[in-house]
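Colleague: Pasting a structure here, questions to come.
The values are calculated or read from the model by the stated rules, or taken from the named source; none is laboratory data. Not measured: the values here are computed from a predicted model. Virtual Cβ from ideal backbone geometry, glycine too; neighbours counted across all protein chains shown. Areas reflect the complete protein model, heavy atoms only, side chains present, ligands, DNA and RNA absent. Shrake-Rupley method; radii C 1.70, N 1.55, O 1.52, S 1.80 Å.
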Amino acid sequence: MTKIMSKNIAVIKGDGIGVEIISEAINVLKKVEQKYNHNFNLTYVEMGGCAIDKYGVALPDFSLEQCKNADAVLLGSVGGPKWDDPTAKVRPEQGLLQLRAGLECFANIRPAKVYAPLAAASPLKESIIQKGFDVIVVRELTGGIYFGKSGREGDSAFDTEHYSIAEIERIAKVAFEIAANRKKVIHSIDKANVLESSRLWRETVQKIAKQYPQIQVINMLVDNAAMQLVRDPSQFDVIVTNNIFGDILSDEASQISGSIGMLASASKGEGSKGIYEPIHGSAPDIAGKGIANPIATILSVAMMLELSFGLIQEADAIDKAVNSVLEEGYRTADIAAKNENSIGTREMGQLICDKI
Ligand code: NAD
């Protein structure tokens, strides 16, 4: 039988729990491949601490080349205590930055939601969570203060926030396109009362908004947004913001959902290619114990199928499988209530596969 779709996927296991969670995500991908008659060619790529040990750099040129040649990249996590010296010249996270830059991924898309069976895992009061929580944070990824001029001068240090109109326009468009398929409201987060770069951000988002008259734009200052997210998160649907504010707010949003072991993310550029990864790190405290939650990585596979390959039905099948396993009461330790039994990484992965 001819295959419906054939795609090349670069797979980076990375370090720590990366190895365990990727293994479960690949089993899910293979189940989808088999059930829906697709062909996914996997190339395993070295990046992170393991690459530093072997090659002296976090992302060797040939690894980047393998990722560039693929249709999408699936990534576990990188880093660990062995490479954590902040003064070290070579660090695992450099691999992440180089990969995102190499694939020209300027948009980070992070869904955060509370799965109904896990409502009790949210640190917020039930009365707040009952109103619903399902947001997508669209974070600008390759500009702003993380990439601006920085340095030391005598006894002081500086970092520079810098954005061009073109950089703001392209990230705003990503957010508007996502909002068009959701509740048609965007919160654009900035610090326009203080920062010139934020004033340009606000002006530019307003300009792009004219192309999407059906979408309501609400401008909000970042300090207020941080507060509103815990006061009444149900008011948000799509949030668009710069690199540093997005870094902080997406972590805050992730906490509302209960466990970072549940949350996937995508980093995308102009075309269909993207990098798909859980939002969490390599969790060295539980690495190798077989207890890590693989759901964030499995949901990253779902995001890859939808956003890079347009396989919406297949992505939905994964999401539904996750939901139904949770509804049946299965939990890994990170999402289990105090007196609840928990299952391991392997078992959770297998249960989700069985439901597809
Ligand atoms: P972390 O996300 O690895 O862990 C934070 C806490 O959450 C830990 O208690 C961990 O056990 C738990 N946790 C994380 N993922 C989990 C999962 N899937 N299931 C169950 N529990 C989970 O963050 P950290 O401890 O700050 O960082 C550890 C290492 O990971 C560092 O070296 C850091 O640089 C790196 N890191 C990598 C990435 C990435 O690869 N994208 C992101 C963040 C941190």
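Colleague: Report the one residue of I215, V205, I21 whose Cα lies farthest in the direction of the positive end of the charge dipole of the chain (charges on C-beta: Lys and Arg +1, Asp and Glu -1; origin at the Cα centre).
Modeller: Of the listed residues, the answer is I215.
Colleague: Right, another one. Are there trypsin sites (Lys or Arg not before Pro) in the range 98-191 that DSSP marks as loop and that have at most 16 other Cβ atoms within 10 Å, and which are they?
Modeller: K125, K131, K149, R182, K183, K184
Colleague: Run through the range 258-328 and list the GluC sites (Glu not before Pro) located in a DSSP loop whose Cβ has at most 14 other Cβ atoms within 10 Å. Please report the intermediate quantities before stating the final value.
Modeller: On the way: sites: E270, E306, E314, E327, E328; in loops: E270, E328.
Of the GluC sites (Glu not before Pro), the ones in loops of the range 258-328 whose Cβ has at most 14 other Cβ atoms within 10 Å are E270, E328.
Colleague: For the chain, set up a GNM with springs between Cα atoms under 10 Å and report which of I291, I256, I128 has the largest fluctuation.
Modeller: I128
Colleague: A further question follows. Is the range 237-284 rounded, prolate or oblate when judged by the Cα gyration tensor, a ≥ b ≥ c being the square roots of its eigenvalues, rounded requiring a/c under 1.5 and prolate requiring a/b larger than b/c? Numbers along the way, then the final one.
Modeller: Values: a/c = 1.91, a/b = 1.23, b/c = 1.55.
It is oblate, given that a/c is not under 1.5 and a/b is not larger than b/c.
Colleague: Can you pull the one-decimal nm distance between simple spin-label points at K125 and V90, each 7 Å off the Cα toward Cβ?
Modeller: Placing both labels 7 Å beyond Cα along the Cβ direction yields 5.3 nm.
Colleague: While we're on this one: What net charge do the residues around I128 carry, taking every other residue with its C-beta under 10 Å from that of I128, with Lys and Arg at +1 and Asp and Glu at -1?
Modeller: Once positives and negatives cancel, what remains is +1.
Colleague: Then there's this: Computed from the mean reciprocal separation of all distinct C-alpha pairs, what Kirkwood hydrodynamic radius does the range 123-256 have, in Å?
Modeller: When all Cα pairs of the range 123-256 are included, the Kirkwood radius is 15.5 Å.
Colleague: For the chain, just the Cα atoms, rotate onto the principal axes and tell me the three extents in Å, largest first.
Modeller: So the extents along the principal axes, rounded to whole Å, are 53, 50, 47.
Colleague: Something else now. For the cross-link pairs K82/K289; K13/K82; K113/K207; K7/K30, which exceed 23 Å when the distance is taken from alpha carbon to alpha carbon?
Modeller: K113/K207
Colleague: In debye, nearest 20, what is the charge dipole magnitude of the range 1-120 about its Cα centre with +1 on Lys and Arg Cβ and -1 on Asp and Glu Cβ, if you could check?
Modeller: Here the range 1-120 has a charge dipole of around 440 debye.
Colleague: Let me ask something additional. Please work out the FRET efficiency for the pair S156 and K68, using the Cβ-Cβ distance as r and a Förster radius of 56 Å; give the result to the nearest 0.05. Intermediate results must be reported in sequence, preceding the final value.
Modeller: Values: r = 39 Å, r/R0 = 0.70.
Efficiency at R0 = 56 Å is approximately 0.90.
Colleague: Full-extension gain between K320 and D251, please, as 0.36 nm times their residue separation minus the C-alpha to C-alpha distance. Don't skip to the answer; put the middle values down first.
Modeller: On the way: separation 69, 0.36 × 69 = 24.84 nm, distance 2.45 nm.
So the extension gain works out to 22.4 nm.
Colleague: Computed over the Cα atoms of the range 249-356, what is the convex hull's projected area averaged over all directions, in nm²?
Modeller: 7.5 nm²
Colleague: Taking all protein chains as present, what is the carbon and sulfur share of the accessible area of the chain, in % to the nearest whole number, probe 1.4 Å? Before the final figure, lay out the partial values.
Modeller: Values: 8210 of 16060 Å².
Carbon and sulfur: 51 percent of the exposed surface of the chain.
Colleague: Let me know the shape class of the range 54-155, please: from the alpha-carbon gyration tensor, a ≥ b ≥ c as square roots of the eigenvalues, rounded when a/c is under 1.5, otherwise prolate if a/b is greater than b/c, or oblate. Let's see the in-between values first.
Modeller: Numbers: a/c = 2.04, a/b = 1.65, b/c = 1.23.
It is prolate, given that a/c is not under 1.5 and a/b is the larger ratio.
Colleague: Right, another one. Report the trypsin sites (Lys or Arg not before Pro) located in the range 259-329 that are in a DSSP loop and have at most 13 other Cβ atoms inside 10 Å of their Cβ, or state none.
Modeller: Here the sparse-neighbourhood loop sites are K289.
Colleague: In debye to the nearest 20, how big a dipole does the chain give about its Cα centre with +1 on each Lys and Arg Cβ and -1 on each Asp and Glu Cβ?
Modeller: Computed about the Cα centre, the dipole is about 700 debye.
Colleague: Give me the number: length gained by fully extending D232 to K3, i.e. 0.36 nm times residue separation minus the C-alpha to C-alpha distance, one decimal in nm.
Modeller: Going from the current span to full extension adds 77.8 nm.
Colleague: If each DSSP helix of 4+ residues adds -39,500 (n - 2.57) and the sum is divided by the residues in the chain, what number results at 222 nm, nearest 500 deg cm²/dmol? Working shown, then result.
Modeller: Working: 12 runs with 143 residues, N = 356.
Calculated from helices alone, the mean residue ellipticity at 222 nm is -12500 deg cm²/dmol.
Colleague: Determine the sum of side-chain charges near K173: Lys and Arg each +1, Asp and Glu each -1, restricted to other residues whose C-beta is under 13 angstrom from that of K173.
Modeller: Taking every other residue near K173 into account, the sum is -1.
Colleague: Below 18 Å, Cα to Cα, which aspartates and glutamates can K210 reach? Residues fewer than 8 away in the same chain don't count.
Modeller: Candidates past the 8-residue exclusion: E167, E169, E177.
Colleague: Counting only residues 5 or more places away or on other chains, whose amide H sits under 5 Å from the amide H of F147 once H atoms are built in the peptide plane?
Modeller: Under 5 Å from the amide H of F147: no residue qualifies.
Colleague: Separate question: Near I356, within a Cβ-to-Cβ distance under 11 Å, what is the net charge of the other residues, with Lys and Arg +1 and Asp and Glu -1?
Modeller: Around I356, the surrounding residues sum to 0.
Colleague: For D134 and R170 in one chain, what is 0.36 nm times their gap in residues minus the Cα-Cα distance, to one decimal in nm?
Modeller: 10.6 nm
Colleague: Residue farthest toward the positive end of the dipole of the range 123-256, with Cβ of Lys/Arg at +1 and Asp/Glu at -1: which of V240, I186, S156?
Modeller: Checked the options; the winner is I186.
Colleague: Given a 1.4 angstrom probe, what's the average accessible area per residue across the chain, in square angstrom?
Modeller: Per residue, the chain has an accessible area of 45 Å².
Colleague: Place a +1 charge on the Cβ of each Lys and Arg in the range 123-256 and a -1 charge on the Cβ of each Asp and Glu, then give the dipole magnitude about the Cα centre in debye, rounded to the nearest 20.
Modeller: For the range 123-256, the charge dipole is close to 560 debye.
Colleague: Tell me which aspartates and glutamates have Cα within less than 14 Å of K131's Cα, excluding those fewer than 8 residues away on the same chain?
Modeller: Partners found: D232, D237.
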